[in-house]
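The values are calculated or read from the model by the stated rules, or taken from the named source; none is laboratory data. Note that the structure is a prediction, hence the values are computed from the model and not measured. Neighbour counts run over all protein chains shown; Cβ positions are idealised from the backbone, glycine included. Calculation scope for accessible area: heavy atoms of the full protein, side chains included, ligands and nucleic acids excluded. Shrake-Rupley method; radii C 1.70, N 1.55, O 1.52, S 1.80 Å.
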Amino acid sequence: VETRHLSICVLLFTCLYIVSYLILTHFKKTAEFITDDVEDATVNKIALWLCTFTLSVAVCAVLLLPISILSNEVLLAFPHSYYMQWLNGSLIHGLWNLVFLFSNLSLVFLMPFAYFFTESEGFAGSKKGVMARVYEAVVLLLLLALLVLGIVWVASALLHDNVARKSLYDLWEYYLPYVYSGISLFGVLLLLLCTPFGLSRMFSVTGSLLVKPRLLEDVEDTLSCTTFEEDTLSRKLNSDTSCWVKLNTEAMKKEYQTVRNKRIALEMRRKASPWQRNLGYPLAMLALLALTVMCVLMVCFNVLELLLDETAMPRGMEDPHLGMVSFSMFGSLGAAVQVVLILYLMVSSVVGFYSSPLFTGLLPRAQDTNLTQIIANCVSLLILSSALPVFSRTLGITRFDLLGDFGRYNWLGNFYIVFLYNMLFAGLTSASLIKTVTWAVQRELIRAFGLHRLPLTVSRSTVPFRLLLASGLSKIQ
């Protein structure tokens, strides 16, 4: 049985590794891997393999709860099926333990080593080569580990003197849980800040990918402006006697390519069918609004349960009894909604992370992301994804209790932390949603009625409603 479970886990991880490698090769800067210096190319390839491993672990961490919830529903639907004998609680529990082990291994050792490995040049006086870089990276990693362990030991000594004294003799049992709890708490707090902002940003991001109705978007006007801009840049690049030749040609070529891609996308949007234009955009906006409101309502319901029932507190579970009872009161439909909401929250957190002013610089660009940025992105995504199971269970999105070491964090049993976390998430999400919807409606109405062309000296808030209505009717006609 253990061999079968190990084979399934290896097969799943291999598929995720291949997908992660394809994603990273799409964003990596090719010039860093095709150089005359064989040593630098080898070091960059090894670092890229470590980043691929970390990203595959992050994707697997995102899929932990969806796989567990869907496995329980499958076993409920087919309790005595011969083809479902491989799917049991032991397999799911082992998968959770492997993800916890590899996520901490990647955060504590692999990613710091990858960064030090790419930045190292070998000790002074030593023979140059890949092994010299390995030795320097290992020494720096050990020094960093000692620094982090010392800081955490001092923090544990200030909080719990007995635990700090024991941790000198039993590092694994009393000391490392503080490190794990600190990393998980940081990830959960990061999700608390990024997810509400991402939920509000999802409307604008999705709207930029879809074709809006003609009342809300003038594609012809935008396309003509983009075509004019493309022609202007093309003339500047092709002119031999113009003074524009003295400018940065590479920057102008990148700008020209960006404008050209924008023009091609606008032409495709102009060719969209009426069904796609008038039905796709409203349905997408309604679906996002429904998912966001559902998340807020489930968190509010969880707050009431926290006040009335102690079982609503997140806790660990050693033996998952799959196939006994559904984790949703609405059965398989409720379980499917839970899976959709968990994935939606993860996507929203990633959107909010890259949209925040602090992390906008980390946003990867196709074929133009250096290796240091790739390492930073993999670490950020791993922190967010490894905290997703704790985040979802703390907010009450699912009733599936945390398995393995995910349920042993010290702060999970604190009622005040969990209650305050739920209240902050509900408040921040509601405020962001209300602000986004009201401002989006006002902005789209102003654009649809052509009032954005008014001079700045005219206050748009003072425009009478009759003028708005008349402008809108004339535009529709």
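Show the residues, 5+ positions off or on another chain, whose built amide H is closer than 5 Å to the amide H of L322.
G89
Could you tell me the calculated FRET efficiency between V148 and I417, based on Cβ-Cβ distance and R0 = 22 angstrom, to the nearest 0.05?
0.45
Could you work out how far apart the two model spin labels at K254 and L6 are, taking each label as a point 7 Å from the Cα in the direction of the beta carbon, and quote it in nm?
4.8
Can you compute the modelled spin-label distance between T42 and Y82, with each label point 7 Å from Cα toward Cβ, in nm?
Here the modelled spin labels are 5.4 nm apart.
Distance in nm between label sites at T30 and L424, each 7 Å beyond Cα in the beta-carbon direction?
Result for the modelled spin labels: 4.5 nm.
Hey, can you find the accessible area per residue of segment 58-167 for me, probe 1.4 Å, expressed in square angstrom? Write out the running numbers ahead of the final one.
Numbers: 6000 Å² over 110 residues.
Using a 1.4 Å probe on heavy atoms only, each residue of segment 58-167 averages 55 Å².
Please arrange V296, V19, V379 by accessible surface area, largest first, computed with a 1.4 Å probe and ligands excluded.
Numbers: V296 20, V19 80, V379 40 Å².
Highest to lowest solvent-accessible surface, that is V19, V379, V296.
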